[in-house]
Amino acid sequence: MSRLFRDVDGGPRCPHGSVVCIGAFDGLHLGHQALVRQAVERGRALGVPSVALSFEPLPREFFAPADPPPRLQLPRAKALGLFGLGADQVGLLRFDRALCSLEAGEFVRRVIVQRLSAREIWVGPGFRFGKARGGDLATLQEHGLRHGFSAHEIAPVQLDGERVSATRIRAALQEGAFGDAARLLGRSYAIGGHVVRGRQLGRTLGYPTANLRFGGKRPALSGIYATWVHGLGQPRASVSSFGTRPTVDGIEPLLEAHLFDFDGDLYGRRIEVEFVAKLRDEVKFPDLPALTVQMDRDAVQARALLARTASPEPTPAPACADLSQETASR
């Protein structure tokens, strides 16, 4: 049986019981890590599987498709990160009209009890669930008395006197404060995926790039960056653009990484792009020659910045907004 599941209904996945943690888990920051590790530890103590339960799309994406929240990770990266933290099974439940219409009690009955045979539930501070967010920790505890499981809330993880949250990380990324984001995540922020063939326009401008799409999601950052590319042996210094490419009338957000002093075929290779410093915002230039002049300046600035930065170790998987199966190169 696959360790990843998407459906509310189906046969029991943990017939002998489980310990379940529930959350959005976007970014898998220090608070998420504490929650998942608590469930993993309790599952091992009880001799039952640990299950990390989340939703895709995120509820806020479903309810506000025209103005979705910026994403730190794509679904595949989230699942891989949850497994990396020790979860035995991962549920990315399809958040659709049917699921958001479930009353809290019905969600407990169908998912927590029938699907997962939970013995313990662990959630973060302020957790809400069910139709109109009508369920909370007290709801879980009430149903637990009836169905034979207990429900618990972990203490908030604090950093610099404030709770660690995806909101703080998004703000740090948008401001180019990558050191702050790394402290909240527990590792550097990176985006990863497999490189495939694209239009190759960058090559005609003297800047061949490995391009990674963001799967139709709204990214948490945009602009031009000094970056390290991992996955090719030693980390490679690079300059990267992440955005909609207004000069060439782009629409979909695209991450384009140009590796300095590199001449090789990256198609089919998996890389990770680690963000180090923001150079500037995206700008629409009057023509491609003007864009190329600015790209020359960006490359010089990125080289200088990275020359003063120690070459890092490859970024661990939970930090990466993985773009596998959703990437392109040009």
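The values are calculated or read from the model by the stated rules, or taken from the named source; none is laboratory data. Note that the structure is predicted; figures quoted are calculated from it, not measured. Cβ coordinates were reconstructed from backbone atoms using ideal geometry, including for glycine residues, and neighbour counts include every protein chain displayed.
Summary table
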item: Residue that is surrounded by 21 or more Cβ atoms within 10 Å (Cβ to Cβ), closer than 25 Å to residue 165 by Cβ and assigned by TED's automatic domain parsing to the domain that holds residue 47, where the choices are 130, 126, 135; result: 135
item: Pairs where the first residue, in segment 275-297, is without any contact (Cβ under 8 Å) to a residue 60 or more places away in the chain and surrounded by 15 or more Cβ atoms within 10 Å (Cβ to Cβ) and the second is outside any helix (DSSP H, G or I) and of a type in the set (A, V, I, L, M, F, W, C), C-beta under 6 Å, 6+ apart; result: 279/224
item: Filter result for residue 314 (of a type outside the set (Phe, Trp, Tyr), modelled with pLDDT under 90 and in a helix (DSSP H, G or I)); result: no
item: Candidate set: segment 55-74, residues that are closer than 21 Å to residue 28 by Cβ and part of a helix (DSSP H, G or I); chosen: the one farthest from the chain's Cα centre (by Cα); result: 62
item: Every residue from segment 274-302 that is among the small types (Gly, Ala, Ser) and within 27 Å of the chain's Cα centre (by Cα); result: 277, 302
item: Residue 257 being in contact (Cβ under 8 Å) with a residue 12 or more places away in the chain, assigned by TED's automatic domain parsing to the domain that holds residue 212 and crowded, with 21+ Cβ neighbours inside 10 Å; result: yes
item: Yes/no for residue 123 being β-branched (Val, Ile, Thr) and over 20 Å from the mean Cα position of the chain (by Cα); result: no
item: Failed item in (1) on the phi < 0 side of the Ramachandran plot; (2) buried (at least 19 other Cβ atoms within 10 Å of the Cβ); (3) assigned to a loop (DSSP other than H, G, I, E, B); (4) modelled with pLDDT under 90, with residue 221 passing the rest; result: (4)
item: Failed criterion for residue 113 (all others in (1) β-branched (Val, Ile, Thr); (2) more than 25 Å from residue 145 (Cβ to Cβ); (3) part of a helix (DSSP H, G or I) hold); result: (2)
item: Hits in segment 41-95 - residues which are without any contact (Cβ under 8 Å) to a residue 40 or more places away in the chain, aliphatic (A, V, I, L, M) and farther than 25 Å from residue 193 by Cβ; result: 45, 64, 66
item: Criterion (of a type outside the set (Asp, Glu), in contact with a strand residue (DSSP E or B) (Cβ under 9 Å, 6 or more places away or on another chain), farther than 19 Å from residue 309 by Cβ and at pLDDT below 90) met by exactly one of 148, 215; result: 215
item: Near pairs, Cβ below 6 angstrom, 6+ apart or cross-chain, from segment 226-248 (crowded, with 17+ Cβ neighbours inside 10 Å) to any residue that is of a type in the set (Asp, Glu) and part of a loop (DSSP other than H, G, I, E, B); result: 243/282
